Amino acid sequence: MSRSSFNFTQMDYQKAQKYIMLGFLIAIIAIAVMFASQALAANAQDWADFKIARLGEEVNWGVITDNDRDVQVDAINFWVEIMETMQASFIDLICNFIMYVALAFVFIGFVGLAFTGTGDEKTRRFLLMFAAFLLFLMIFALLFPNWGFSLNVGP
C-alpha cells in the first residue's frame, strides 16, 4: 500500500499558481463576509430604532394595539442581540479561520513557485522570503490575535 504525500518540490508552475489564486479568492470572500457582518452588527441598533418608530406610527394609525407593539419591540430587541452576538462570537471567528486557510494556500503556492525552477536565483530567493514573511504573519496573528495598529493624522 503506497501513501501519497504532498511535496513542494514536485509542484508544477500551474498548480502553484492555482494555489495562490485560490488563496486570494478565499481571502476576498472571507473579507467580504466579515465586512458585511460587521456592517450589520454596527447598524443593528439603527435598524431597531427605525422599526420601533414605525411600530409607534402604526399604533397611532390604529393598525396595531399597544400589546402588539410591545411584543414586536421585544422581538426586535431580541434580533438586535442576535445580530451583535452572532457577529462577534461566530462570524468573526469563522472568517479569521478561513483567512488562515487562505494564507496557507498562498504560502504553499509561493513555496511551490520557488521550487519549480522557473526564474533565476534572485526570484527564487524573493519568493521564499515572501513565503517566509507570510508564515511569520500567520504565526504572529495566531499568537497575538488582538494586535493592531492605528494611524493618527492631523495636528
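Tell me the relative contact order for the stretch 19-142 as a rounded percent, counting alpha carbon contacts under 8 Å between residues six or more apart.
On the way: 90 pairs, mean separation 48.3, N = 124.
Reported relative contact order: 39 percent.
Could I have the simple spin-label model distance between M129 and V153, label points 7 Å from Cα toward Cβ, reported in nm to one decimal?
2.9 nm
Cβ under 14 Å from M11's Cβ, M11 left aside: what net charge do those residues give with Lys, Arg +1 and Asp, Glu -1?
For residues surrounding M11, the net value is +2.
About its Cα centre, what dipole magnitude does the chain give when the only charges are +1 on Lys and Arg Cβ and -1 on Asp and Glu Cβ, stated in debye to the nearest 20?
For this selection, approximately 1340 debye.
Which residues does a label at R54 reach in the stretch 76-113, if reach means a backbone N under 19 Å from a point 7 Å past the Cα toward the Cβ?
76-84
Which FRET efficiency value, to the nearest 0.05, is calculated for D68 and A42 with the Förster distance at 41 angstrom and r the Cβ-Cβ distance?
In this case the efficiency is close to 0.90.
Sticking with the crude label model, points 7 Å out along Cα→Cβ, report the distance from W61 to L143 in nm, one decimal please.
Taking the simple label geometry, W61 and L143 are separated by 6.0 nm.
Show me, bin by bin at 5 Å from 0, the whole-percent P(r) of the chain based on Cα pairs.
Values per bin, smallest distances first: 2, 8, 11, 12, 11, 10, 9, 8, 7, 6, 5, 4, 3, 2, 1, 0.
Read-outs: derived from the displayed coordinates by stated rules, not from any lab. Note that this is a predicted model, so its numbers are computed, not measured. A quick note on method: Cβ atoms are made from the backbone with ideal geometry, for glycine too, and the neighbour counts reach across all protein chains shown.
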